[in-house]
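Engineer: I'd like to ask you about the structure that follows.
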Amino acid sequence: MDTGFLVAAAMFLQLAAQCGTPLLFGTLGGILGEKAGNLNLGVEGMMMMGAVTGYYVAAVTGHPILAAFAGGLAGAVGALLYAIITVTFQGNQTVTGLTLTIFGIGISNYVGKECTSMTLPASVREFYAPIVVPGLSKIPLIGKMIFEQSSFVALAIVLAVLIWIYLNKTRIGLNVRMVGENPSAADACGINVNLYKYTHILAGGFLCGLGGTYLSVVYITRWQNDLVAGLGWIAVALVIFAIWNPVRAIFGGYLFGALRSIGLVLQNTQMALFGYEIKLDPQLLDMLPYIMTIIVLVLIGIQKKKEYQPPGWLSRSYYREDR
Amino acid sequence: MLKIIKRPPLAEKKMFILRLLAVVFAIAASMVIIALLGHNPIKVMIEMVRGSIGSKYRISETINKMVPLLTLSLGVCVAYKMKFWNIGAEGQFYMGAYGAGVVAFNFGSLPSYLLLPAMFLGGILAGGLWALIPALLKAKWQTSETLVTLMLNYVAIRWITYLQYGPWRDPKAAGLPRMMHFPDAAALPEIGGMHIGWIIALVLVAFIYILIRYSKLGYEITVMGENPRTAEYAGMNTFRILLIAIMISGGICGIAGIIQATGLEHSISPVLSSGLGFTAIITAWLSKLQPVSLVSVSFLFAMMLQGGSYLQSVMKVPSDVAGVIQGVILFFVLGSEFFTQYKIVWDKRRDEESRRVDA
């Protein structure tokens with residue numbers, strides 16, 4: 001293998017991580033909600049709301065952290081609408097989530113009309129520019145992927161690990177899983193089911209908003225209509241692909257990010273593998289995340305292992321007096 | 001103290017009033033939002049109505065938008081009756097268009113009266129088979145149909161994109177990645193300046209109404225939706241019913257794709273559905289799976305879509321506002337469902353109890 005290939009591969013992995021980061025944020029947000037028993041199909045809408053708000057605040061104030069916070073908050077506002085309807089008013093989760101997506105895309109594109117002429121101030125761009133760790137970033141292949149990234153990319157990883165610890169190693173995390181598996185049992189244990197649902201749906205929305213902000217402020221660095229472009233739906237898929245595990249979501253996010261970047265990098269290039277001519281079609285490659293998710297779903301179904309199953313009460317409402 | 005209690009089932013009339021109230025509140029709320037966005041809400045509303053039903057041309061545009069939405073909603077209704085949460089209407093729509101395209105591009109020399117029926121057959125088959133995948137997976141391994149159908153939507157859209165850039169790319173369109181046009185014989189006939197899609201949609205309404213209300217299969221579907229175990233005890237072949245019903249569901253969604261492709265675009269593109277496959281889930285749900293009320297709900301939604309695009313051209317209000325209004329109205333209606341089953345009462349007894357505890 002020549003060095004040229006290594007350099008290209010290193011840059012590809014770096015790009016994969018960048019492509020995968022918004023997916024990772026959306027997936028983590030989805031996991032939080034689903035662990036509490038709420039399937040929120042509004043990820044795309046919340047990411048849009050986060051993307052436009054984050055971009056707007058970044059462009060107007062030039063304050064990078066404030067922008068991220070505002071973006072997260074916008075996602076949480078979308079999640080709040082969803083939570084009020086599905087938790088308090090026990091509306092249908094699928095329909096409410098879809099509605100949130102329609103609403104989020106509509107309002108973000110509308111507000112975004114003003115953002116198309118705005119540019120990001122240097123203060124924001126410099127703050128989120130890739131940080132090169134001296135020495136380590138020179139490691140062949142994975143150096144650039146891990147040690148030459150924006151702080152935002154690192155944030156996603158840290159959050160994924162923290163959420164894993166939270167869900168699996170803490171008392172409150174256990175309660176969350178109980179709410180998702182069997183709310184009446186949780187209720188009997190004195191757990192405030194609705195409070196848990198609200199906080200986790202909102203936190204999930206915040207993460208989706210962060211993912212949107214990353215997209216508009218760090219990755220694409222300008223505003224355009226329909227900026228999220230279906231990434232939210234891939235995140236919904238990734239939640240299953242990762243089998244509701246935040247750490248697996250890192251690998252899943254990066255893998256799907258890599259699949260997306262293959263399309264960008266190898267657009268219509270011919271490759272020869274074992275003497276066969278292979279033409280990689282970016283459109284067909286784009287199908288892979290969804291097909292792989294279906295395969296994972298089927299495998300989960302065949303395995304029947306308890307830990308691989310979706311939360312037992314996923315997308316069902318809980319009304320106390322129905323117990 | 002406020003307390004939520006279950007209420008006895010509401011009478012039809014009260015139910016209707018409750019829904020109406022929700023819509024009134026929703027319209028009020030969306031007017032506030034429009035005002036906050038810096039537009040005159042009354043003018044926006046009036047223009048939206050004018051833009052959708054203000055002239056003969058606009059009415060026909062609204063109906064053109066209603067036809068695919070109504071057809072798709074009918075398709076998902078069949079699945080929902082069975083509590084099979086098919087959210088794959090979008091994908092079945094594109095596969096329907098694809099199936100029609102296969103026929104059109106391979107047998108383009110046929111006369112119209114042979115070609116069109118063949119295209120419909122191909123499209124219905126393709127849409128139905130596409131819907132069969134999640135049904136088989138569910139029957140065999142209890143795979144969640146919601147998630148599988150959702151994923152298959154994107155696979156279908158990417159498939160159309162692939163065809164557009166690859167095998168079915170129009171060589172005459174210079175550098176543009178555009179799909180070839182259908183042969184002229186593949187165009188849906190027109191009556192009075194409108195393609196006959198609306199007739200097809202109305203026939204389908206009648207078909208679904210009769211199927212659900214008066215046919216054996218419809219009865220079996222309903223029983224399966226109410227309680228799959230009852231269906232099995234009654235000796236129904238649930239597997240067979242599931243597959244047939246899902247084929248019908250997917251096939252009808254496919255028809256929507258064929259109508260759009262043959263009636264409007266005379267070709268296929270990955271934005272042919274403009275997301276109506278998702279809107280259809282909402283309309284189906286809003287109409288309580290009643291084929292007849294679906295007609296009015298779809299028309300209202302089509303009015304919002306058409307009114308929205310009219311707003312853009314007349315008032316320079318971005319058409320995205322239509323999405324916002326749609327969202328707000330839906331949020332209210334979704335929330336109002338709660339009050340059909342529960343009511344909030346002032347619980348005096350608990351008040352007194354707490355006072356006693358305090359004292």
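The values are calculated or read from the model by the stated rules, or taken from the named source; none is laboratory data. Bear in mind the structure is a predicted one, so any value in this text is a computation, not a measurement. Positions of Cβ are backbone-derived with ideal geometry, glycine not excepted, and every protein chain shown enters the neighbour counts. Surface accessibility is based on the protein's heavy atoms, side chains included, excluding ligands, DNA and RNA. Shrake-Rupley method; radii C 1.70, N 1.55, O 1.52, S 1.80 Å.
Engineer: Residue pairs, Cβ under 8 Å, 6 or more apart or interchain, first in region B:132-143 and within 8 Å of chain A (Cβ to nearest Cβ), second not in a helix (DSSP H, G or I). List them.
Structural biologist: Cβ pairs passing all conditions: B:Leu137/B:Thr143.
Engineer: For B:Pro111, all conditions in the list (1) assigned by TED's automatic domain parsing to the domain that holds B:Ser296; (2) surrounded by 16 or more Cβ atoms within 10 Å (Cβ to Cβ); (3) not acidic (Asp, Glu) hold save one; what is the number of the exception?
Structural biologist: So B:Pro111 meets the others, but not (2).
Engineer: If you don't mind, another one. Go through region B:240-298 and give me each residue that's assigned to a helix (DSSP H, G or I), under 17 Å from the mean Cα position of the chain (by Cα) and surrounded by fewer than 19 Cβ atoms within 10 Å (Cβ to Cβ).
Structural biologist: Residues satisfying the conditions are B:Val292, B:Ser293, B:Val295, B:Ser296.
Engineer: Go through region A:102-120 and report how many residues are within 14 Å of another protein chain (Cβ to nearest Cβ) and either at pLDDT 90 or above or in a helix (DSSP H, G or I) (or both).
Structural biologist: As a first pass, look at region A:102-120 and keep what is within 14 Å of another protein chain (Cβ to nearest Cβ): A:102-116.
Those left that are additionally either at pLDDT 90 or above or in a helix (DSSP H, G or I) (or both): A:102-112, A:115-116.
Residues in region A:102-120 being within 14 Å of another protein chain (Cβ to nearest Cβ) and either at pLDDT 90 or above or in a helix (DSSP H, G or I) (or both): 13 in total.
Engineer: Within region B:193-213, is even one residue crowded, with 24+ Cβ neighbours inside 10 Å, within 21 Å of the chain's Cα centre (by Cα), small (Gly, Ala, Ser) and under 25 Å from B:Ile160 (Cα atoms)?
Structural biologist: So far as region B:193-213 goes, yes, one or more of its residues are crowded, with 24+ Cβ neighbours inside 10 Å, within 21 Å of the chain's Cα centre (by Cα), small (Gly, Ala, Ser) and under 25 Å from B:Ile160 (Cα atoms).
Engineer: Mind checking which residues of region B:82-113 are among the aromatic types (Phe, Trp, Tyr) and within 13 Å of chain A (Cβ to nearest Cβ)? Outline the logic, then answer.
Structural biologist: Narrowing region B:82-113 to residues among the aromatic types (Phe, Trp, Tyr): B:84-85, B:93-94, B:98, B:105, B:107, B:113.
Scanning region B:82-113 gives B:Phe84, B:Trp85, B:Tyr94.
Engineer: Can you name every residue in region B:229-238 that is touching a residue at least 12 places away in the same chain (Cβ under 8 Å) and part of a helix (DSSP H, G or I)? I'd like the intermediate steps shown before the answer.
Structural biologist: From region B:229-238, those touching a residue at least 12 places away in the same chain (Cβ under 8 Å) are B:236, B:238; that's our starting set.
Correct list: B:Thr238 only.
Every residue, every condition in (1) farther than 16 Å from B:Ile329 by Cβ; (2) of a type in the set (Val, Ile, Thr); (3) at pLDDT 85 or above, yes or no:
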{"position": "B:Lys3", "(1), (2), (3)": "yes, no, no"}
{"position": "B:Glu12", "(1), (2), (3)": "yes, no, no"}
{"position": "B:Arg19", "(1), (2), (3)": "no, no, no"}
{"position": "B:Ala22", "(1), (2), (3)": "no, no, no"}
{"position": "B:Phe25", "(1), (2), (3)": "no, no, yes"}
{"position": "B:Gly54", "(1), (2), (3)": "yes, no, yes"}
{"position": "B:Glu61", "(1), (2), (3)": "yes, no, yes"}
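Engineer: Does region A:237-252 include one or more residues that are farther than 30 Å from A:Ile294 by Cβ and either open to solvent by 10 Å² or more (accessible area, probe 1.4 Å) or within 14 Å of chain B (Cβ to nearest Cβ) (or both)?
Structural biologist: As a first pass, look at region A:237-252 and keep what is farther than 30 Å from A:Ile294 by Cβ: none.
No: region A:237-252 contains no residue that is farther than 30 Å from A:Ile294 by Cβ and either open to solvent by 10 Å² or more (accessible area, probe 1.4 Å) or within 14 Å of chain B (Cβ to nearest Cβ) (or both).
Engineer: For A:Gly91, only one of the following conditions fails: (1) touching a helix residue (DSSP H, G or I) at 6+ places or on another chain (Cβ under 9 Å); (2) in a helix (DSSP H, G or I); (3) among the small types (Gly, Ala, Ser). What is its number?
Structural biologist: (2)
Engineer: Ok, one more. For region A:151-176, which positions are surrounded by fewer than 20 Cβ atoms within 10 Å (Cβ to Cβ) and not aliphatic (A, V, I, L, M)?
Structural biologist: If the condition is that a residue be surrounded by fewer than 20 Cβ atoms within 10 Å (Cβ to Cβ) and not aliphatic (A, V, I, L, M), then A:Ser151, A:Trp164, A:Tyr166, A:Asn168, A:Lys169, A:Thr170, A:Arg171, A:Gly173, A:Asn175 are the ones that fit.
Engineer: Here is a further query. Taking region B:167-183, which residues are open to solvent by 30 Å² or more (accessible area, probe 1.4 Å) and free of Cβ contacts under 8 Å to residues at least 12 places away in the same chain? Working first, answer last.
Structural biologist: From region B:167-183, those open to solvent by 30 Å² or more (accessible area, probe 1.4 Å) are B:167-169, B:171-172, B:174-178, B:180-181, B:183; that's our starting set.
Matches in region B:167-183: B:Pro167, B:Arg169, B:Pro171, B:Lys172, B:Ala174, B:Gly175, B:Leu176.
Engineer: Mind checking which residues of region B:270-321 are in contact (Cβ under 8 Å) with a residue 24 or more places away in the chain, within 11 Å of another protein chain (Cβ to nearest Cβ) and among the small types (Gly, Ala, Ser)?
Structural biologist: If the condition is that a residue be in contact (Cβ under 8 Å) with a residue 24 or more places away in the chain, within 11 Å of another protein chain (Cβ to nearest Cβ) and among the small types (Gly, Ala, Ser), then B:Gly275, B:Gly277, B:Ala280, B:Ala284, B:Gly308 are the ones that fit.
Engineer: Same structure again: Tally time: how many residues in region B:312-335 are in contact with a Leu (Cβ under 8 Å, 6 or more places away or on another chain), part of a helix (DSSP H, G or I) and over 17 Å from A:Ile85 (Cβ atoms)?
Structural biologist: Residues flagged as in contact with a Leu (Cβ under 8 Å, 6 or more places away or on another chain), part of a helix (DSSP H, G or I) and over 17 Å from A:Ile85 (Cβ atoms) within region B:312-335 amount to 2.
Engineer: Is it the case that some residue within region B:86-93 is out of contact with any Asp or Glu (no Cβ under 9 Å at 6 or more places or on another chain) and either surrounded by fewer than 23 Cβ atoms within 10 Å (Cβ to Cβ) or not assigned by TED's automatic domain parsing to the domain that holds B:Gln260 (or both)? Break it down into steps so the answer makes sense when it comes.
Structural biologist: First, the residues of region B:86-93 that are out of contact with any Asp or Glu (no Cβ under 9 Å at 6 or more places or on another chain): B:89-93.
After this cut, where a residue has to be either surrounded by fewer than 23 Cβ atoms within 10 Å (Cβ to Cβ) or not assigned by TED's automatic domain parsing to the domain that holds B:Gln260 (or both) as well, the list is none.
Scanning region B:86-93, I find no residue that is out of contact with any Asp or Glu (no Cβ under 9 Å at 6 or more places or on another chain) and either surrounded by fewer than 23 Cβ atoms within 10 Å (Cβ to Cβ) or not assigned by TED's automatic domain parsing to the domain that holds B:Gln260 (or both), so the answer is no.
Engineer: What is the residue count in region A:121-146 for residues that are in contact with a strand residue (DSSP E or B) (Cβ under 8 Å, 6 or more places away or on another chain) and part of a loop (DSSP other than H, G, I, E, B)?
Structural biologist: Restricting attention to region A:121-146, the residues satisfying the condition of being in contact with a strand residue (DSSP E or B) (Cβ under 8 Å, 6 or more places away or on another chain) are A:130-133, A:137.
After this cut, where a residue has to be part of a loop (DSSP other than H, G, I, E, B) as well, the list is A:130, A:133.
Total satisfying the criteria: 2.
Engineer: Right, another one. So how many residues does region A:203-242 have that are at pLDDT below 95, over 22 Å from A:Leu167 (Cβ atoms), part of a helix (DSSP H, G or I) and of a type in the set (Phe, Trp, Tyr)?
Structural biologist: 2
Engineer: Okay, next question. Take A:Tyr214 and tell me if it is open to solvent by less than 10 Å² (accessible area, probe 1.4 Å), under 29 Å from A:Thr116 (Cα atoms) and away from every other protein chain (no Cβ under 14 Å). Before the answer, list the steps.
Structural biologist: Details: open to solvent by less than 10 Å² (accessible area, probe 1.4 Å): yes; under 29 Å from A:Thr116 (Cα atoms): yes; away from every other protein chain (no Cβ under 14 Å): yes.
Against the criterion (open to solvent by less than 10 Å² (accessible area, probe 1.4 Å), under 29 Å from A:Thr116 (Cα atoms) and away from every other protein chain (no Cβ under 14 Å)), A:Tyr214 qualifies.
Engineer: Next up: Among what's in region B:144-165 and is among the hydroxyl-bearing types (Ser, Thr, Tyr) and closer than 20 Å to A:Ile240 by Cα, pick the residue that is farthest from the other protein chains (Cβ to nearest Cβ). Even if it seems obvious, please write down each step before you answer.
Structural biologist: Step one: of region B:144-165, the residues among the hydroxyl-bearing types (Ser, Thr, Tyr) are B:144, B:146, B:149, B:154, B:161-162, B:165.
Right, trim to closer than 20 Å to A:Ile240 by Cα and you get B:144, B:146, B:149, B:154.
On the way: B:Ser144: 7, B:Thr146: 6, B:Thr149: 10, B:Tyr154: 5 Å.
Top of the filtered list is B:Thr149.
Engineer: Does region A:76-89 contain any residue that is open to solvent by 10 Å² or more (accessible area, probe 1.4 Å) and at pLDDT below 90?
Structural biologist: So far as region A:76-89 goes, yes, one or more of its residues are open to solvent by 10 Å² or more (accessible area, probe 1.4 Å) and at pLDDT below 90.
Engineer: Surrounded by fewer than 23 Cβ atoms within 10 Å (Cβ to Cβ), among the aliphatic types (A, V, I, L, M) and touching a strand residue (DSSP E or B) at 6+ places or on another chain (Cβ under 8 Å): which single residue out of B:Ile63, B:Ile33 fits that description? I'd like the intermediate steps shown before the answer.
Structural biologist: Details: B:Ile33 fails: touching a strand residue (DSSP E or B) at 6+ places or on another chain (Cβ under 8 Å).
Every option except B:Ile63 fails the conditions.
Engineer: Can you tell me which residues in region A:50-69 are hydrophobic (A, V, I, L, M, F, W, C) and open to solvent by 20 Å² or more (accessible area, probe 1.4 Å)? Show your work before the answer.
Structural biologist: From region A:50-69, those hydrophobic (A, V, I, L, M, F, W, C) are A:51-52, A:57-60, A:65-69; that's our starting set.
Within region A:50-69, A:Val57, A:Ala59, A:Val60, A:Ile65, A:Leu66, A:Phe69 meet the criteria.
Engineer: Follow-up question, since we're still on this one. Restricting attention to region A:177-202, and to residues there that are part of a helix (DSSP H, G or I) and out of contact with any helix residue (DSSP H, G or I) (no Cβ under 7 Å at 6 or more places or on another chain), which single residue is most open to solvent (accessible area, probe 1.4 Å)? Can you show your working first?
Structural biologist: So in region A:177-202, the residues part of a helix (DSSP H, G or I) come out as A:177-181, A:183-188, A:193-202.
The next check asks that each one be out of contact with any helix residue (DSSP H, G or I) (no Cβ under 7 Å at 6 or more places or on another chain); those that pass are A:181, A:184, A:188, A:195, A:199.
On the way: A:Glu181: 76, A:Ser184: 36, A:Ala188: 78, A:Leu195: 96, A:Thr199: 71 Å².
Result: A:Leu195.
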